[in-house]
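Reviewing the structure listed below.
The values are calculated or read from the model by the stated rules, or taken from the named source; none is laboratory data. Keep in mind that what you see is a predicted model, and the values were worked out from it rather than measured. Ideal geometry is used to build each Cβ from the backbone, glycine not excepted, and the neighbour counts take in all protein chains shown.
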């Protein structure tokens, strides 16, 4: 029985190209694999161009735009023929979608950057607003709270989609924390350039997570989870971090 | 006040590290700002459409800022027609000299001042004191900060970081009053001092929230009535206002006054909103005999010349961006070492005081964008922090950092090399516990306070390749089975 899940998504099978940011590739491979499982379960084909590296955000955020443009240029080549680009990190997705057009503004490849931007989607937005999927058939037993990554929330406007998906996960109890939209303090190189400020921010975030008595904190951005998990593991130990895709891939 | 014994960048690091570790103070500031947020959300909801209101406000400020010459001259001609005097100050020295010269010529003895961040910006109080003039701040928060000898902590809430007992102790020490825990009693202590100051003063100094071109008036917004007394009682008044505060029409205030109140303090309208059009007119019973308005540039035209960041001049100094900023909440206002704290201060200070000395403030941000989201006049605040970083790197690249990013770019443009490098991640993870937290730890500034994630043996690339191979295997065996049938 081919196309086993088309009835779930209600759309034609799509060719989805994954952008798996460098740190997810090395540190959180399960996040990428979970995205693959969810998309294949919905009947779509997934491809991963091996030539991809980094979106270029670290030098971009540090002010070194020439270096960022060189890295970004490589990704323009790699994703040239993609139809849909999916990012498992709101932050790297925002780099493609929002900052590439600015980075290439007035440069030769501006049109290509805009084209790449137009076909880039954050994972949950793609499922809910492109595919019209609310229930991916996941089951996850536990109490969780959701952290809105700033880039996903404020650059891409993602707020509702991940909650919509999570509300249909069987066995999952989702409780909102008071500081859901407060920055976790990661901010890329900020976290190592200003570790004391960054850590103070993590503490505020994590205290809010702990107030919910949730066992899990879920986010659509692994970079935030690296920060949150780093603080929780050092100071609390009992609350676990999960990427949205990992929850949606649970059966 | 923070003394800058160190270069601003080092001083910032020292102060921010100290204040970020002060859990009690951070909790108090967070609580105060949480109350603000609830109030702001409630009043913001009474606007028919806050988003449209923001767009309208942004459009009005855009019109004003892009035609400063026309609107400021319109203000000047109308204000001077009623006998007011207008002085155009290019920089802080010109503004200070004008006020000091005026005070000397008029034999001023005592000065009372209502809240004016422009005064802080040009270090006015210090200059007046050095010339022998007594100055009393009449805004309660500013008065407390003046007694304490500290700069305002927040440009709207000057002493928000102080607890009631600290204020009581301060009054006890400086004024000899009995200690009390009652806010009313503390206010009455200040009021007794301040009432005397209004009566004694022969010069009043204020800022201004808006300059209305159409009517040649300035608008002052306050909650204590102190600005009215500061303007109304002394015989000479000087208002020191940044040139970007102009709006074209009187009707614009119908939007800006409730918007400033909502974004600034969560009120529907601020307690007192006054319009001043010049000195006492013939037949009028009160008001100053002389009314001077100083239009302060002090490098605002530098910002005006930058089309990318010009919208920072839309700022109405409501302080909303500070109130939502996680950096501000955790390091407090003094760590910035600037007149204007928080996100908007980090954007504009490099333009006012030099990019090289103040670029670190643009770096000290996680770029979360809460500031831009809340700004009532739609300033692209957090993206301007990025622009400042870019401009700073272009103007004077930090050699070590530039080299790092060049190496990074070299690696990331070469997928094979990158894949080879990332092969070492699991090995790095394996060896990391040996050096974790020590001076040899390459990620020490992370691991000093947080755990670093462990890199699994198989990367996503590896796993995806296996996954594809397995699928192919299943597919081909499936086809074979199908063929058999």
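Brief remarks on what is shown
- Residue A:177, sole failed condition from (1) in contact with a strand residue (DSSP E or B) (Cβ under 7 Å, 6 or more places away or on another chain); (2) within 14 Å of chain B (Cβ to nearest Cβ); (3) in contact (Cβ under 8 Å) with a residue 60 or more places away in the chain; (4) under 30 Å from residue B:336 (Cβ atoms): (3)
- Residue selected from segment B:346-361 under the condition buried (at least 24 other Cβ atoms within 10 Å of the Cβ) and over 19 Å from residue B:6 (Cβ atoms), by the criterion farthest from the other protein chains (Cβ to nearest Cβ): B:348
- Candidates B:111, B:99: the one that is touching a helix residue (DSSP H, G or I) at 6+ places or on another chain (Cβ under 8 Å) and in a strand (DSSP E or B) is B:111.
- Meets criteria (out of contact with any strand residue (DSSP E or B) (no Cβ under 6 Å at 6 or more places or on another chain) and more than 30 Å from residue B:263 (Cβ to Cβ)) for residue B:392: no
- Residue match in segment B:123-130 (condition: in contact (Cβ under 8 Å) with a residue 60 or more places away in the chain, in the same structural domain as residue B:195 (by TED's automatic domain parsing) and more than 23 Å from residue B:222 (Cβ to Cβ)): no
- The number of residues in segment A:130-166 that are closer than 22 Å to residue A:12 by Cβ and touching a strand residue (DSSP E or B) at 6+ places or on another chain (Cβ under 7 Å) comes to 1.
- Residue match in segment B:29-38 (condition: more than 14 Å from chain A (Cβ to nearest Cβ), touching a residue at least 24 places away in the same chain (Cβ under 8 Å) and more than 22 Å from the chain's Cα centre (by Cα)): no
- Of the helices (runs of 4 or more DSSP H) entirely within segment B:370-419, those holding at least 1 residues that are more than 9 Å from chain A (Cβ to nearest Cβ) and in contact (Cβ under 8 Å) with a residue 24 or more places away in the chain occupy B:370-374, B:381-395.
- Single residue of B:229, B:233, B:303, B:250 found to be under 22 Å from residue B:72 (Cα atoms), touching a residue at least 24 places away in the same chain (Cβ under 8 Å) and buried (at least 17 other Cβ atoms within 10 Å of the Cβ): B:303
- Every listed requirement among (1) away from every other protein chain (no Cβ under 14 Å); (2) over 26 Å from residue A:12 (Cβ atoms); (3) crowded, with 24+ Cβ neighbours inside 10 Å is met by residue A:127 save one, (2).
- Answer from B:322, B:313 - the residue that is in a helix (DSSP H, G or I), under 21 Å from residue B:27 (Cβ atoms) and away from chain A (no Cβ under 13 Å): B:322
- Set B:275, B:269: member being surrounded by fewer than 17 Cβ atoms within 10 Å (Cβ to Cβ), part of a strand (DSSP E or B) and assigned by TED's automatic domain parsing to the domain that holds residue B:59: B:275
- Hits in segment A:191-218 (condition: buried (at least 24 other Cβ atoms within 10 Å of the Cβ) and within 20 Å of the chain's Cα centre (by Cα)): A:191, A:202, A:205, A:206, A:209, A:217, A:218
- The residue of segment B:454-481 that is farthest from the other protein chains (Cβ to nearest Cβ), among those that are in contact (Cβ under 8 Å) with a residue 24 or more places away in the chain and either in a helix (DSSP H, G or I) or closer than 30 Å to residue B:21 by Cβ (or both), is B:454.
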